[in-house]
Structure formats: structure tokens, C-alpha cells
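Enquirer: Take this structure, written in C-alpha cells, and hold onto it; I'll ask about it next.
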Amino acid sequence: MSKAFSGSNVVFSGIQATGAKQLGNYIGAMRQYVATQDEGEAFFCIVDLHSITADYDPQDLHDRTLDLAALLYAVGLDPKRCTLFLQSHVTAHAESAWLLSAVTGFGQLGRMTQFKEKGEGKEFVSAGLFTYPVLMAGDILLYQTDIVPVGDDQRQHVELARDIAQRFNARYGETFTIPRGVFPQVGARIMDLQEPTKKMSTSAGTPQGTVLILDEPDTIRKKFKTAVTDSGREVRYAPDEKPGVSNLIEILSVASGTSIPEVEAAYDGRGYGDLKGDVGEAVVTLFAPVKERYAELRADDGELRRLLSVGAEKARETAKPTLESMYERMGFVLR
Ligand code: AQP
């Protein structure tokens, strides 16, 4: 299948609509979106269809979707340089998920860590939570994607998408570009500040250990001040041995634009108190302009909807030839 855009990379990544967005989402994903929007043709998708796989409230989904669109523009996505759209506005996503389920192993889905983690201990686990990675594979493959900027927790799902693409190509003929995940060198897995062996997450993390992008400055400072660190006073980057302090070092490195060894050197002999205070301050400074832009953008519902509708139009056009090839190669009689 030929690329819609030759000579450059196609970038695709999705982000869930529900859940207040946290520092991990920013460092692991959004920051990379902004950086990759000039690497070629970039598509960023608010994956609202994914949001119904766990318990959710319809009104909350509705409001959070527009909140997230405003936030993504506020962190630096530029509608002139990338395409931002809602997954539910492009029906090819739901269709491709069904078609790709024919080349996805039941056993493979059962091995997905996110399914196990998110389903564990729940009274009701939806079938959607199980098939979620197939929808995600369709999201990526419909755009003939080369690179998928995501955090470390999505590594397994991107691998599965590659596997699905290879199986489809082998069974029905070359149809998909095989995508590759790209992960930030620093900050691919930001940890919960209270439980630093677990990733920061709005649904699974601790409220005090999860820093929200739109938290008030004092709340951010307090969350860092009370961050759980390790015994001793040595500010040294060693994630297995010292998860708490290493997480703070990574966050400070990203928020202040300095390398990990530079952070270690700057805090040599100073202990954890200074480090916690400074990381909090650096994150407050990082998010201050984002909060300001967000407030302006979120105030104009009409403009947000207009931008999303332009994005959806572009996404529909781009996805269409790939979806048609899928139907054709799988033996369906075309309309
Ligand atoms: N802690 C993290 N560190 C680095 N990257 C992260 N991402 C999420 N948490 C971290 C990356 O953010 C992108 C979008 O994620 P999502 O909101 O679609 O869903 P998620 O990965 O399930 O994030 P949460 O906060 O854990 O959401 P909930 O709690 O709602 O399920 C992805 O690229 C992800 O890697």
C-alpha cells in the first residue's frame, strides 16, 4: 500500500479522553507529540472509543474530551502542523478493529499486562478492555504510520500492532507499513510520587502521588514535598535501587532541561529536601504557561469543535484508502 505522504515519516499517537491528565502523560507522551509534529505528517487522536472500556460517566466523557483537546493545543500541538481529531469522528477506526480481530490471537490478548492490571479485582471486566489493543492497532495502521510516540507502558501494545500488521500482510498481501514505537530517553515511565515502584496514573495511582497538569501551583509543590524517597541522603540515579529519588531526578531533568548527571552533580551532598523543593518549583514553572493557554482555549467551545472537525475530515480522507484495501483484500464485495 503506498504512503499518502512520501519522503517523510507518518507519526500517529492516541491519548484517552477520560481521566485528568497527569505529569506522566505530559513527559511520556504529549512532549513527544509536540517534538514529532515536524517530523512528517503527524496525526494525534483523542481515543474516546477506548474510554468506554472501563467504568465511566457519559457526561464526564463528553466534557473531558473537549478539555483534552484544549490541553493538547495548550501544550503546543499546532493545527497547522499536525492533525488532531476524535476517534469517534472517523468510523474507519471501529471498522478496522473488527477486521483486524480476524488476525489477532485470543491468547495474545490475554497476555497483555494492561488488561491484567486494569481488570484485576474488578467485579465487571468489559469485553472492550480485552479487545482494546486491536482497536489501538487499527488506530495506528490506518495511517500507514512509521512512528508511534508513546510512554513505556504502551510498548507491549505497539509490539502487538506490529505483529497484527505482519500477520495481515502475510495473509492478505502487503497492506500496512510496519510501525515502530518511539519512547523518550528520559521519562518514559514516570512513577507515582507516593508509590515509586508503580507508574503515575490517574486511575490506578494514589491521588497524592499523581501530579495533574492543571493542579494549582501549591498543590504541585505539596505533592513533591511529601514525595516518598528512599533511605539515605545520596542523590543518585539508580531506578532499581532508589526508585523514589531516581524518579525525582528524571522529572527535574526534563522540567529544567538539564541532563541526569548534571542534576546528580548539582545536588551532591545536599540531600533530598532541596531536591524535592526544586522539582516542585520546576514543574510549577513548566505548567504555568500551559495552564494559561488552556484557560483561553477552553473558553471557546465553538472554535475547539471547529478545529476538531477540520482534523476529522483530514483523518477520514487519509484512512479511507487503507480501509478500502483491507476490505478488498479480505474478500468483501465492495460497495
Ligand atoms: N506514568 C507515565 N509515564 C510516562 N508515560 C505515561 N503515559 C501514561 N502514563 C505515563 C503515556 O501517556 C499516553 C497516554 O496515556 P492514556 O491517558 O491514553 O492512558 P494510560 O497510559 O492508561 O494513562 P493513565 O494515566 O494510566 O490513564 P488511566 O489512568 O486513565 O488509564 C501514552 O502514550 C502513555 O504511554
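Values in this text are rule-based calculations from the coordinates and carry no lab data. Every value quoted in this text rests on a predicted model; they were computed, and no experiment measured them. Here the Cβ positions follow ideal geometry from the backbone for every residue, glycine too, while neighbour counts run over all protein chains shown.
Enquirer: Would you grab the residues whose amide H sits under 5 Å from the one on Gln22? Only those 5+ places off in sequence or on another chain, please, with H modelled 1.01 Å from N.
Expert: Amide H neighbours of Gln22, under 5 Å, 5+ apart: Ile213.
Enquirer: Another question about this same structure. Please list the helices of the chain that count as membrane-span-like by this rule: a mean Kyte-Doolittle hydropathy of at least -1.0 together with Cα atoms stretching 15 Å or more along the helix axis, each helix being a complete DSSP H run.
Expert: Within the chain the helices that satisfy the rule are 58-75, 127-141, 243-256, 272-298, 301-329.
Enquirer: Sticking with this structure for a sec: How large is the charge dipole for the chain, taken about the Cα centre, if only the Cβ atoms of Lys, Arg (+1) and Asp, Glu (-1) carry charge, to the nearest 20 debye?
Expert: Using Cβ point charges on Lys, Arg, Asp and Glu, the chain gives about 560 debye.
Enquirer: Once amide H atoms are built 1.01 Å from N in the peptide plane, which residues 5 or more positions from Phe43, or in another chain, come under 5 Å H to H?
Expert: When sequence neighbours closer than 5 places are left aside, the close amide H contacts are Val11, Phe12, Ser13, Thr83.
Enquirer: Arrange Ile251, Ile178 by Cβ neighbour counts within 10 Å, fewest through most, would you?
Expert: Numbers: Ile251 28, Ile178 13.
Neighbour counts put them in this order, fewest first: Ile178, Ile251.
Enquirer: Between Asp301 and Glu262, what is the FRET efficiency for a Förster distance of 56 Å, r being their Cβ-Cβ separation, to the nearest 0.05?
Expert: 0.85
Enquirer: Within the stretch 217-295, how many lysine pairs that are 8 or more places apart, or on different chains, have C-alpha atoms less than 20 Å apart?
Expert: The number of close lysine pairs in the stretch 217-295 is 8.
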